[in-house]
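A short worksheet on the structure shown next.
The values are calculated or read from the model by the stated rules, or taken from the named source; none is laboratory data. Note that the coordinates shown come from a computational prediction; the quantities given were computed from them, not determined experimentally. Note that each Cβ is placed from the backbone with ideal geometry, even for glycine, and that neighbours are counted across all protein chains shown. Remember, those area values only see protein heavy atoms, side chains included, never the ligands or the DNA or RNA. Shrake-Rupley method; radii C 1.70, N 1.55, O 1.52, S 1.80 Å.
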Amino acid sequence: MQRWQFFGVWISVALFGAVVSCQPGGSDSTTDPEPTGPKPIEYQTTPYPWKKPANFPEPTYAFSKNPLTLEGVALGRALFYDDMLSVNGTVSCAFCHQQGAAFAHTDHALSHGINDKIGTRNNLGLQNMAFYKSFFWDGGVQDLDLLPIAPIENPVEMGHSMPALLNAVRQSPRYRPMFLAAFGTDSITTDRFLKALSQFMLTMVSANSRYDKYVRNEAGGQLSTDELAGLTLFKQKCSTCHAGELFTDQSYRNNGLSRANNNDEGRSLITLRPEDRFRFRVPSLRNVERTSPYMHDGRFWTLEEVMNHYSTNMQDVPELDPALRINGKPGVPLTDTEKKQLVAFLRTLTDTDYIADRRLSAPN
């Protein structure tokens, strides 16, 4: 998904979220032109068996405001894979977030959408959404329940508007029974639409890589000599930023990329703070083997190129993060052997179960 390009648009998302959240029960709001219809009925849903991985931190998402059910997850899954979410019916969420690429998009360096329009940033993969405090390369959205609005209304991604999209969903005979099953009413509102998508995205938990089995002492968790050496190197040289079991500290940093061909100012477009210029979020490294290209602008296509950047090609820019300045010089010194060992370790973070999980695939 592509983050919104202008601060004014970001503000509109926040205001939109405030309008929705201020409605009684978060349901039929003044922004949703469906004031009449069946009242909620007595209904029974089946709780979804969501479980925190043993080696993960506590989730940040407030499940109490949107309890996961099998019916809600099924509805969100159907919406996630539906081209209807784009204005011309050609682009679904899954168009840019492909399961085989750990829900990233590896076909292009930069995201693209309707009519082959090209965005300005690389597409981040979707995984472990329950554990994040903010989203996109610049952290422009801080509530998972509001996240889909950005790509849906982005003119180069899905190009739709929420009111028009909701009207289209209401006209579809497919969805009213699904909303009824999930929420006890077939009245389709912004709040229910977004919460259904959140329910599905919350099931995107990737925590069953070979590395995970290693740290949990499970069968199949054996690491080779080079992979173990890479793990030791990673803890020494990479874990300041790519910290913990999410492999990100969720901060925003400058990693010394050349600005010769890309002058994107990153986080500062959201915060308007000069000190945030050219800073971008530290992405998770889970499934990194599957999510090329790398960096916010997709400039590197291989992990080996990434290693070369950090070891010898980092630019000495004023905004460079202090953690990446070693002995007064930019870069993290790495021998060729160490680079190979780090890449070997990073490949142990690939979760093949996640990539092949049929519960996350397109319905039918």
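Restricting to DSSP H runs of at least four residues, report the calculated mean residue ellipticity at 222 nm for the chain, -39500 (n - 2.57) per run over all residues, nearest 500 deg cm²/dmol.
Details: 13 runs with 112 residues, N = 364.
Taken over the chain, the calculation gives -8500 deg cm²/dmol.
Which number gives the lysine pairs in the chain that have C-alpha atoms under 24 Å apart and are eight or more places apart or on different chains?
Pairs that pass both the separation and distance tests number 27.
Going by average Cβ density within 10 Å per residue, which order do the peptides 52-65, 113-126, 200-213 take, highest to lowest?
Numbers: 52-65: 12.6, 113-126: 19.3, 200-213: 21.4.
Top to bottom by mean Cβ count within 10 Å: 200-213, 113-126, 52-65.
Summing +1 for each Lys or Arg and -1 for each Asp or Glu, what net charge is found among the other residues whose Cβ lies under 13 Å from the Cβ of LEU144? Can you show the working numbers first?
Values: positive: LYS65, LYS133, LYS195; negative: ASP143, ASP145.
Its environment carries a net charge of +1.
Send over a whole-number figure in Å² for the accessible area per residue of the chain, probe 1.4 Å.
On the way: 16080 Å² over 364 residues.
Ligands and nucleic acids excluded, the result is 44 Å² per residue.
Tell me the carbon and sulfur percent of the accessible area for the chain, rounded to whole percent, probe radius 1.4 Å.
On the way: 8710 of 16080 Å².
For the chain, the apolar C and S fraction of the accessible surface comes to 54 percent.
Of the candidates GLY221, GLY328, GLY230, which one comes out as most mobile in a Gaussian network treatment of the chain with C-alpha springs shorter than 10 Å?
Sorting by GNM fluctuation, first place goes to GLY328.
Taking square-rooted eigenvalues a ≥ b ≥ c of the alpha carbon gyration tensor, is the chain rounded, prolate or oblate, where a/c under 1.5 means rounded and, failing that, a/b exceeding b/c means prolate? Numbers along the way, then the final one.
Details: a/c = 2.17, a/b = 1.55, b/c = 1.40.
Here the chain falls in the prolate category.
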